[in-house]
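Asker: Here's a structure for you.
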Amino acid sequence: MPRTALRICPLCEATCGLTLTIEGAAVTGARGDRDDVFSKGFICPKGAAFGQLDADPDRLRTPLVRRDGRLREATWEEAYDAIAAAVPPLVREYGAQSVGVVLGNPNVHTMAGALYPPLLLKALGTRNLFTASTLDQMPKHVSSGLLFGDPFAIPVPDLDRTDFLLLLGANPIESNGSLCTAPDFPGKLKALRARGGTLVVVDPRRTRTAALADRHLAPRPGSDALLLAALAHTLLTEKLAAPGALEEWTEGLGELEAALGSFTPEAVAPACDLPADEIRTLARELAAAPTAAVYGRIGSCTVEYGTPASWLVDVLNILTGNLDRPGGALFPLPAAGPRPRPAGPGKGFVIGRWHSRVSGHPEVKSELPTAALAEEIETPGEGRIRALIAIAANPVLSAPDGDRLDRALAGLDFMVSVDPYLNETSRHAHVILPPPPPSQSAHHDFAFNGFAVRNQVRYTRAAVPLEAGRLDECEIHARLVLAVSGMHGSAGPEAVDELAVQGALAKETADPGSPLHGQDPARLAGLLTGESGPERRLDLMLRLGPYGDRFGAAAEGQLSLERLLAHPHGIDLGPLRPRLPGVLRTRSGRIELLPDPIAAELPRLRAALADRPAALVLVGRRHLRSNNSWLHNVPALTGGSNRCTLQIHPQDAGRLGLTDGGRARITAEGGSLEVPVEVTDAVRTGVVSLPHGWGHDRAGTRLAVAASVPGANVNQLLNGTRLDRLSGTAVLNGFPVELTPLP
Ligand SMILES: Nc1nc2c(c(=O)[nH]1)N[C@H]1C(S)=C(S)[C@@H](COP(=O)(O)OP(=O)(O)OC[C@H]3O[C@@H](n4cnc5c(=O)[nH]c(N)nc54)[C@H](O)[C@@H]3O)O[C@H]1N2
Ligand SMILES: Nc1nc2c(c(=O)[nH]1)N[C@H]1C(S)=C(S)[C@@H](COP(=O)(O)OP(=O)(O)OC[C@H]3O[C@@H](n4cnc5c(=O)[nH]c(N)nc54)[C@H](O)[C@@H]3O)O[C@H]1N2
Ligand code: SF4
Ligand SMILES: [Mo]
């Protein structure tokens, strides 16, 4: 008899609740959970393919360990023995910096990825940390760190209530949203328009999102910072700025007008390739809307001025009085996050506390640019990375110049991958530790509830029992922490969780501001419930969190794991509410509107006004039925519009002698590729588009479906030197390319 089980979808940031149909141990169906308090039944084709993804025959079922140069099936014991034999001796001989850590995107989609990497990094003591953030949203962290003192205080547009949404460089109809967790983003955009609201989309492509908009502006890629600066300039000079209550909490308002002095609509118009009138009109509409939210994503982050653009997004939210008010952009309050603290000065946020060894890139949020990973492995000298631990990461495809990274990884003394696939990156590992398929894992969104458009909390236990011979991914991580700490064999994985619990409780009970101040941490630990270490840790975070029961110190009926388990479809915690000034952690205790590092960047941005634009630049794109580099092996999601083609406007195609269905050679500073051409007026002139995550043609992988339609890896066009200066984020959009037709 088939049964059903609930599972929060781990495939994108929308975090939809799924109802899985299960026969035996197999997931035979997936539909949206209509009773889910947040997603209310929404599902997309990726979620619907959950069963096929879960059962992919290419998923590794046992660890692989390299012997005599070849990866072979091994036991967990053999795998951890190999790690314990390799990593601690390397650290003893060459120091902590000799081990690098790479954390990829799915870490924000697993409980293990939230709970253990901080412990791993602490155990290793390395500063060589590289994550997907520097290929993605790091500009937003830097901007929030500087403005609000907390890099995670990222305001999200109040999609359900806003009257006006200005959306830049995002295509949520296909991506389902990012840094804005909103199941059924498409429905929310349609509802915005249906209630008389306005949607403006800024994108060099006429995306499916742009097609829904009241107005679509198609600027030259990379020019968002200029456009936004001109919008802010217009608000200030036309006296349309009305920060209202925010004024009390904001410093630097008076200096902003001078700092943005030369960014008039007329001055930026040629660089943006937009009429100055249109920029002015947009500024006036933004100011006139009863409520409005400005929101920018990938296309405004992974560009040369990604941090200034991300900063200007919130400058506009502040100038229009929309920050922290319903209908504007608000700060979520996640259930497993810290309790709000009283307002007051904080530690502030700085970048560059240390620098990368080879190119001297500043650290940002304790991370170094992933674009600089290869040189840190290749370049001889003290502090060179000799061993690498890659968790849920495929930088060979997702970072600039995969061929170089490929060679660098091949030269490592030792590499561990925690990954379900033998793919372009993990094929270099000496040990691969494969997590079980998602049906066999519990799920809670530690990361995305912090960016959700509604406060809510959900937890789903494993839908299918762990298959014999499998380890839960949390246990895989915990054992990894032990193995690199030289404690393999002398302590069990539960010790890692208990240490984390003790640490958190010791801190809490020592805090004079806590209702638990002075209590006995051991007694509190004894009160935790849960079937496993990670469940006990979730219980702890929920109980200490903003809605928690504080072990009885809070009123009856507050949150704990037990209470959450009694609500399998989740608990709604209400719409987002204003949180200022409590969220502020700047040294001044106020919003620092014109932070020094940004002010110092403005002259460069001003100088960019005089740059002669390249004739042809490249931007990326995402397809609904794919996800970065790792869903091309699921047959249900391949084919159709999900193809690795180079989109080009008919006018450009004609000028260059390219035809639809033909082939072209595309060349940029990092290399060249042969790609199929798709002629379409969905991209503007002067712009071509190639999706990322393709290039599955390397030897030694086990991705049968993906390898049959490999596509080309767009990141091979880059050499890793183009970065957003302040955040170290790779410029993946808006770089110059050249095209020649191929026969
Ligand atoms: N040109 C260009 N490049 C880009 C982008 C772009 O827009 N253009 N986008 C960038 C962005 S936004 C991101 S986030 C990065 C992503 O970059 P990465 O994080 O490096 O890449 P992913 O393709 O998400 O790869 C994730 C890896 O995790 C593995 N995996 C999947 N599920 C699990 C799991 O449950 N547990 C574990 N341990 N592993 C798992 C997959 O097999 C895969 O190897 O790519 C970036 N690269
Ligand atoms: N289906 C699917 N969903 C996904 C993913 C996926 O790969 N597939 N990846 C997930 C991940 S890791 C992330 S980070 C999110 C990303 O979510 P989004 O940010 O919505 O991602 P994209 O679809 O890449 O949208 C970026 C848009 O920016 C445009 N653009 C490029 N350059 C510029 C520019 O200079 N200015 C402006 N204004 N626009 C520009 C591109 O044309 C593109 O339409 O999606 C997540 N969801
Ligand atoms: S929108 Fe995202 S979370 Fe929802 S079903 Fe699709 S992939 Fe899963
Ligand atoms: Mo991402």
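Asker: Could you let me know the centre-to-centre spacing of region 387-451 and region 576-607, using Cα atoms, in angstrom?
Answerer: Using only Cα atoms to place each centre, the spacing works out to 34 Å.
Asker: Please tell me which of these pairs span more than 32 angstrom C-alpha to C-alpha: Lys122/Lys188; Lys40/Lys239; Lys140/Lys239; Lys190/Lys347; Lys46/Lys190?
Answerer: Over 32 Å apart, Cα to Cα: Lys122/Lys188; Lys40/Lys239; Lys190/Lys347.
Asker: Going 7 Å from the Cα of Arg587 in the Cα-to-Cβ direction, what parts of region 342-373 have a backbone nitrogen less than 12 Å from that spot?
Answerer: Within reach of a label on Arg587, which here means backbone N under 12 Å from a point 7 Å along Cα→Cβ, region 342-373 contributes 346-351.
Asker: Order these peptides, 604-617, 223-236, 681-694, 318-331, by their mean beta-carbon neighbour count within 10 angstrom, highest first.
Answerer: By packing density, highest mean first, the sequence is 223-236, 318-331, 681-694, 604-617.
Asker: Going by amide H atoms built from the backbone, whose H comes under 5 Å of the H on Asp273, apart from near neighbours?
Answerer: Arg220
Asker: With each run of n ≥ 4 DSSP H residues scored as -39500 (n - 2.57), what mean residue ellipticity at 222 nm is computed for the chain after dividing by its residue count and rounding to the nearest 500 deg cm²/dmol?
Answerer: Calculated from helices alone, the mean residue ellipticity at 222 nm is -8500 deg cm²/dmol.
Asker: Could you calculate the FRET efficiency of Glu257 with Asp572 from 1/(1 + (r/R0)^6), where r is the beta carbon distance between them and R0 is 45 Å, rounded to 0.05?
Answerer: My answer for the efficiency is 0.60.
Asker: Another question, then. In Å and whole numbers, how far do the C-alpha atoms of region 492-553 stretch along each principal axis, longest first?
Answerer: So the extents along the principal axes, rounded to whole Å, are 34, 20, 16.
Asker: Once phi is turned into θ = phi - 60°, what whole-Hz ³J(HN,Hα) does the Karplus curve with 6.51, -1.76 and 1.60 give for every residue of region 30-41, x standing for Gly and Pro?
Answerer: With coefficients 6.51, -1.76 and 1.60, one gets 8, 9, x, 7, 5, 8, 4, 5, 10, 8, 6, x Hz.
Asker: While we're looking at this one, here's another question. Express the C-alpha Rg of region 388-465 as a ratio against the empirical globular expectation 2.2 N^0.38 Å, rounded to two decimals.
Answerer: Against the empirical 2.2 N^0.38 Å value, I get 1.42 for region 388-465.
Asker: Same structure again: Quote to one decimal, in nm, the extra length available between Asp413 and His517 on full extension: 0.36 nm per residue of separation minus the C-alpha distance between them.
Answerer: Here the segment from Asp413 to His517 would lengthen by 32.7 nm.
Asker: Rounded to the nearest 0.05, what FRET efficiency do Val705 and Arg72 give with R0 = 22 Å and r taken as the Cβ-Cβ distance? Could you check?
Answerer: Efficiency, from the Cβ-Cβ distance: 0.40.
Asker: Past the 42 angstrom mark, what percentage of all C-alpha to C-alpha distances in the chain do you count?
Answerer: Taking all Cα-Cα pairs of the chain, the fraction more than 42 Å apart is 25 percent.
Asker: Measure out, as a whole number of angstrom, how far apart the alpha-carbon centroids of region 209-262 and region 639-698 sit.
Answerer: Answer, in whole Å: 33.
Asker: Let me ask something else about it. For a distance above 20 Å, tell me the whole-number percent of Cα pairs in region 179-269 that qualify.
Answerer: 54 percent
Asker: Oh, and also: Calculate, for Ser490 and Arg579, the FRET efficiency according to 1/(1 + (r/R0)^6) with r their C-beta to C-beta distance and R0 35 Å; round to the nearest 0.05.
Answerer: 0.20
Asker: Per the Kirkwood definition applied to all pairs of different Cα atoms, how many angstroms is the hydrodynamic radius of region 106-204?
Answerer: Kirkwood radius, region 106-204: 16.0 Å.
Asker: Please compute the length gained on full extension between Val350 and Glu278, using 0.36 nm multiplied by the number of residues separating them and subtracting their Cα-Cα distance.
Answerer: My answer for the length gained is 22.3 nm.
Asker: I've got another one for you. Considering all alpha-carbon pairs of region 348-408, what whole percent are spaced by more than 15 angstrom?
Answerer: The proportion of pairs with Cα distances above 15 Å equals 54 percent.
Asker: Cβ neighbours within 10 Å, averaged per peptide: list 653-663, 446-456 in order, most packed at the top.
Answerer: By packing density, highest mean first, the sequence is 446-456, 653-663.
Asker: For region 1-135, list log₁₀ I(q)/I(0) at each q in 0.09, 0.10, 0.11, 0.15 Å⁻¹, using the Debye formula over Cα point scatterers of equal strength and ignoring solvent, two decimals each.
Answerer: -0.43, -0.52, -0.62, -0.96
Asker: Which one, Leu103, Ser441, Ala390, is farthest towards the positive end of the dipole of the chain when Lys and Arg carry +1 and Asp and Glu -1 on their Cβ?
Answerer: Ranked along the dipole, the leading option is Ser441.
Asker: How many nm separate the modelled label positions at Ala245 and Asp403, each set 7 Å beyond the Cα in the direction of the Cβ?
Answerer: 5.8 nm
Asker: Something else now. Could you order peptides 189-202, 512-525, 304-317, 410-423 by the average number of other Cβ atoms within 10 Å of their residues, highest first?
Answerer: 304-317, 410-423, 189-202, 512-525
Asker: Extending each Cα 7 Å along its Cβ direction at Ala615 and Thr4, get the distance between those two points in nm, one decimal.
Answerer: Those two pseudo-labels are separated by 5.9 nm.
Asker: Quick one: go through region 409-431 and flag any residue whose amide nitrogen is under 20 Å from the point 7 Å out along the Cα-to-Cβ line of Ala25.
Answerer: Backbone N within reach: 419-422.
Asker: Just grab the label-to-label distance for Arg606 and Thr529, each label 7 Å out from Cα along the Cβ direction, in nm (one decimal).
Answerer: Computed distance between label sites Arg606 and Thr529 equals 6.2 nm.
Asker: Please report His567, His443 as a ranked list, fewest other C-beta atoms within 10 angstrom at the top and most at the bottom.
Answerer: Listing His567, His443 from fewest to most nearby Cβ atoms yields His567, His443.
Asker: Let me ask something else about it. For Gly100, list long-range residues whose amide hydrogen, built 1.01 Å from N in the peptide plane, is under 5 Å from its own amide hydrogen.
Answerer: Long-range HN contacts for Gly100: Arg386, Ala387, Leu388, Ile389.
Asker: If only Cα atoms are counted, what is the Rg of region 585-695, and what is its Dmax, in Å?
Answerer: Looking at region 585-695, its Cα Rg and Dmax stand at 19.7, 59 Å.
Only the coordinates and a few stated rules stand behind these numbers; no lab work does. If you're wondering where the values come from, they're calculated on a predicted model, not measured in any experiment. Don't worry about glycine lacking a Cβ; one is built from the backbone with ideal geometry, like all the others, and counts go over all protein chains shown.
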